[in-house]
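K.L.:
Got a structure here, written out as structure tokens. Questions coming.
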Amino acid sequence: MTEPRRPLAEHHRRLDRLSDEMLRLRQALPPRERLIAGLVQALRAVLAATLGYFIALELGLGQGFWAAITAISVSQNSYAEVRSSSRDQFTGAMIGGLIGLGAAMLGHEHYLAYVLAVIAGMLLCSVLNLGAAGRISGITTTIIMLVPHSGAFWQFALFRLGEVTLGAIAALLVTLVFGVLARRLFGDHASS
């Protein structure tokens with residue numbers, strides 16, 4: 001008798017099949033279509049990065065590059081995908097920032113505090129079913145605890161969250177504008 005598949009293993013198997021199918025469909029596009037799709041994606045990402053970067057600088061956030069990095073990392077083909085990715089980015093940054101801040105205040109000079117903080121944030125996101133936010137939580141904790149900075153940890157964490165938020169909002173706005181333009185130029189059948 002065979003043992004029934006565990007639900008988690010089955011879920012991962014189905015996700016892997018879907019991912020493989022999406023990759024196969026993208027690869028089946030003619031080269032010209034892939035080139036156009038890549039160019040549009042690159043334009044969206046660089047416009048969002050530019051917008052987030054300069055807004056962060058105007059607001060006095062000295063590390064506007066984090067807004068640019070976030071904008072590029074959440075840029076997707078559709079507004080719904082960007083919204084989902086932005087939500088994960090913001091949630092992960094919030095959780096990683098809070099946990100990283102707490103761990104830094106308790107023992108930032110100890111690598112073990114960093115390791116435990118990353119694990120705690122990723123576990124919390126997993127338990128709360130927050131998807132990719134766990135990865136972002138670990139990244140944010142790493143930035144707060146390992147990237148050299150001046151000033152208070154709470155200020156660094158708060159600015160990091162602000163920069164992430166600006167980058168995500170910039171990506172949402174640019175994707176929304178691209179979607180509106182695509183519908184006007186190409187009609188209702190255009191993807192955003």
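No value in this document is a laboratory result; all are computed from the given coordinates. Here the structure is a predicted model, which means the values were calculated and not measured. Cβ atoms come from the backbone with ideal geometry, glycine included; neighbour counts cover every protein chain shown.
K.L.:
Can you find even one residue in the stretch 41-53 that is closer than 19 Å to Ala157 by Cα and of a type outside the set (Gly, Ala, Ser)?
P.N.:
Within the stretch 41-53, one or more residues are closer than 19 Å to Ala157 by Cα and of a type outside the set (Gly, Ala, Ser).
K.L.:
From the list Ala42, Ala37, Ala71, which one is under 13 Å from Glu163 (Cα atoms) and either of a type in the set (Gly, Ala, Ser) or crowded, with 19+ Cβ neighbours inside 10 Å (or both)? Walk me through it before giving the result.
P.N.:
Working: Ala42 fails: under 13 Å from Glu163 (Cα atoms); Ala37 fails: under 13 Å from Glu163 (Cα atoms).
Being under 13 Å from Glu163 (Cα atoms) and either of a type in the set (Gly, Ala, Ser) or crowded, with 19+ Cβ neighbours inside 10 Å (or both) holds for just one of Ala42, Ala37, Ala71, which is Ala71.
K.L.:
Please specify each residue of the stretch 116-141 satisfying the condition of being free of Cβ contacts under 8 Å to residues at least 40 places away in the same chain and of a type in the set (Ser, Thr, Tyr).
P.N.:
Of everything in the stretch 116-141, just one residue is free of Cβ contacts under 8 Å to residues at least 40 places away in the same chain and of a type in the set (Ser, Thr, Tyr), namely Ser126.
K.L.:
For the stretch 64-81, what are the residues that are of a type in the set (Ser, Thr, Tyr) and in a loop (DSSP other than H, G, I, E, B)?
P.N.:
Initial filter on the stretch 64-81 (of a type in the set (Ser, Thr, Tyr)): 70, 73, 75, 78-79.
Selection gives Ser75, Ser78.
K.L.:
Within the stretch 86-102, how many residues are surrounded by 22 or more Cβ atoms within 10 Å (Cβ to Cβ) and either over 16 Å from Leu161 (Cβ atoms) or among the β-branched types (Val, Ile, Thr) (or both)?
P.N.:
Qualifying residue count for the region: 2.
K.L.:
Please state which one of Leu61, Leu47 is in contact (Cβ under 8 Å) with a residue 60 or more places away in the chain and not in a helix (DSSP H, G or I).
P.N.:
On the way: Leu47 fails: not in a helix (DSSP H, G or I).
It is Leu61.
K.L.:
Also, I was wondering about something else. So which residues in the stretch 126-181 are of a type in the set (Ser, Thr, Tyr) and outside any helix (DSSP H, G or I)?
P.N.:
Ser150
K.L.:
If you scan the stretch 45-67, which residues turn out to be over 13 Å from Leu161 (Cα atoms) and of a type in the set (A, V, I, L, M)?
P.N.:
Correct list: Ala45, Val46, Leu47, Ala48, Ala49, Leu51, Ile55, Leu57, Leu59.
K.L.:
Could you tell me which residue of the stretch 138-176 is farthest from the chain's Cα centre (by Cα), considering only residues that are of a type in the set (A, V, I, L, M) and loosely packed, with under 15 Cβ neighbours inside 10 Å?
P.N.:
Per the criteria, the residue is Ala152.
K.L.:
Could you tell me which numbered condition Gly38 fails, if it satisfies all but one of (1) assigned to a helix (DSSP H, G or I); (2) under 18 Å from the mean Cα position of the chain (by Cα)?
P.N.:
For Gly38, the exception is condition (2).
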